[in-house]
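Shown next, in C-alpha cells, is the structure this report addresses.
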Amino acid sequence: MLRECIFGTLTFFSVSTTAAMAADVTPAQIKVQDTLKTFVTNMGYTTTYAADKSHFYFDISGKYDYHLDITASADGTLIYVYDYIGPLTPTQLTKVPYRKILEFQNVSNVFFTMDASGKSEDLYVQEVFGASGITLADFREEFDHFRNALDETDSLWNPKLWK
C-alpha cells in the first residue's frame, strides 16, 4: 500500500512538471528564462539553451557532478530546477528508499519524481519556486539550497548507496 501511495505521489509530481515543461514556449516563459540564464552566467557557469528554447542547462560540481536544467512555467510565474538522475532498472526499483524520500519531502521544497520510459523508470530531483520579483540573491539562495539538497540526499537518489 505504501509503495502504491508513493508511486502515486511521485507520478503526480512527474506528470505535473513534465506537462508544464512540454507546452509551447511562451514569451513570458522566455523572459523569465533569459533572466535566469543571465543570473547563472553571472555566477560563472556556461549555459546552453535547448534547441526549442523550452529550457536551458548547465553543469555544476558538488559532492558529485550535476547537470541542471531550468525552465519556467508558461505564464512565467514558476521556476523549475531539475537534475536527471537516470534510469532505474527493475532490480533498483525494489531498493528505492521510498519511505525516506517521503520523509525528506515533508521537510524540504526539493522533491523526487519518477517518469516511466520504456523498460525503466527515470528518476529526477526537482525544485519549484516563484519567479515574481526574483533577484540574483534570491536565485543564488534557491540554487545553493538545491545543490546542497543534492549533496545531502545522495543516499536517497544514488542506487550505489541503496542496500
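Read-outs throughout are calculated quantities, based only on the coordinates presented, and are distinct from any laboratory measurement. None of the values given here were measured: they were computed from a predicted structure. Please note: Cβ atoms are built from the backbone with ideal geometry, for glycine as well, and neighbour counts cover all protein chains shown.
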| Distance in nm between label sites at ALA51 and ASN158, each 7 Å beyond Cα in the beta-carbon direction? | 3.4
| query | Residue separation times 0.36 nm, minus the C-alpha to C-alpha distance between ASP34 and ARG99: what's the value? | reply | 19.6 nm
| note | Residues whose built amide H sits under 5 Å from the amide H of LEU88, excluding neighbours closer than 5 in sequence, are GLU121, ASP122, LEU123
| said: Skipping prolines and chain starts, which residues have an amide H placed within reach, meaning under 5 Å, of the one on LEU78, given they are 5 or more residues away or on another chain? | reply: SER73, ALA131
| query | Between the range 33-52 and the range 85-138, what's the alpha-carbon centroid distance in Å? | reply | 22
| Hey, which lysines would be in cross-link range of LYS37, C-alpha to C-alpha under 19 Å, not counting anything within fewer than 8 residues on its own chain? | LYS53
| remark: With a Förster distance of 30 angstrom and the Cβ-Cβ distance between SER132 and ASP24, calculated FRET efficiency to the nearest 0.05 equals 0.85
